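Scroll down for the structure; my scribbles are underneath it.
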Amino acid sequence: MYKEDIETKNAPAAIGPYVQGIALENLVFTSGQLPLDPESNQMPESVYDQTIQSLKNIEAILLEAGSDLTKVVRCGVFLKDMNDFADMNKAYATFFPERKPCRSAIEVARLPKDALVEIEAIAYR
């Protein structure tokens, strides 16, 4: 079975013992992506803007792996506060206007760096 670690400078570097993504045969799995800008290492304030940045980071990893957002089949969304669901959903929908993946959205007690959202994805290539 073919397995490849995926890393790109166009997404934040891993801050622990993991990689940004793994390609396994025709599938690409991303690690959860915080809304960190890969150049400035800064995080936007609103959950809307954080969702956009997290999905941009996922997109960069998928592109590095030879995939893209149109090939995402599943996302997991972790929210600090489920009251932010509507704003997250508005931003999220702009990345998946036609081919919508399966998704779960879960409220969690806390996220790394006190982010408001973290998103992971599975895609094919």
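Note that the range 24-39 has calculated 3J(HN,Hα) couplings of 10, 6, 8, 9, 10, 10, 9, 5, x, 10, 6, x, 8, 5, x, 8 Hz, one per residue in order, obtained from phi through the Karplus relation 6.51 cos²θ - 1.76 cosθ + 1.60 (θ = phi - 60°); glycine and proline are x.
Structure remark: mean-square fluctuation, Gaussian network model of the chain, C-alpha springs under 10 Å; the largest value among Thr70, Thr30, Thr94 belongs to Thr94. Based on alpha carbons, the Rg and Dmax found for the chain are 13.5, 42 Å. Per-residue Karplus couplings for the range 3-18, computed as 6.51 cos²θ - 1.76 cosθ + 1.60 with θ equal to phi - 60°, are listed in order as 9, 9, 6, 10, 9, 9, 7, 8, 9, x, 5, 4, 10, x, x, 8 Hz, Gly and Pro entered as x. In the chain, the calculated helix contribution to ellipticity at 222 nm averages -7500 deg cm²/dmol per residue, counting -39,500 (n - 2.57) for every DSSP H run with n ≥ 4. When the chain is treated as a Gaussian network with alpha carbon springs shorter than 10 Å, the biggest mean-square fluctuation among Pro17, Pro44, Pro101 belongs to Pro17. Averaging the Cα positions of each part gives two centres, and for the range 1-29 and the range 90-125 these lie 17 Å apart.
What full-extension length gain, to one decimal in nm, is calculated for Phe85 and Arg125 as 0.36 nm per residue of separation minus the Cα-Cα distance? The partial results should precede the final answer.
Details: separation 40, 0.36 × 40 = 14.40 nm, distance 2.92 nm.
The Phe85-Arg125 span can extend by a further 11.5 nm.
Along the range 87-103 the Karplus relation, 6.51 cos²θ - 1.76 cosθ + 1.60 evaluated at θ = phi - 60°, assigns HN-Hα couplings of 5, 4, 4, 4, 5, 4, 4, 5, 8, 10, x, 10, 8, 8, x, 5, 7 Hz to successive residues, with x for each Gly and Pro. Of all beta bridges that DSSP places with both ends in the chain, some 75 percent have antiparallel geometry.
Mind checking the full-extension length gain between Asn26 and Val108? Use 0.36 nm per residue of separation minus the Cα-Cα distance, one decimal, nm.
Values: separation 82, 0.36 × 82 = 29.52 nm, distance 3.06 nm.
Length difference between fully extended and current span is 26.5 nm.
Under the convention that each Lys and Arg Cβ holds +1 and each Asp and Glu Cβ holds -1, the size of the dipole of the range 17-125 around its Cα centre is about 380 debye. Give the angle, between 0 and 90 degrees and rounded to the nearest 10, that separates the Cα long axis of helix 47-64 from the longest principal axis of the Cα atoms of the chain. Roughly 0 degrees between the two axes.
Values quoted throughout were computed directly from the atomic coordinates according to the rules given, and no laboratory measurement underlies them. Computed from a predicted structure; not experimentally measured. FYI the Cβ positions are ideal-geometry reconstructions off the backbone, even for glycines, and counts take in every protein chain you see.
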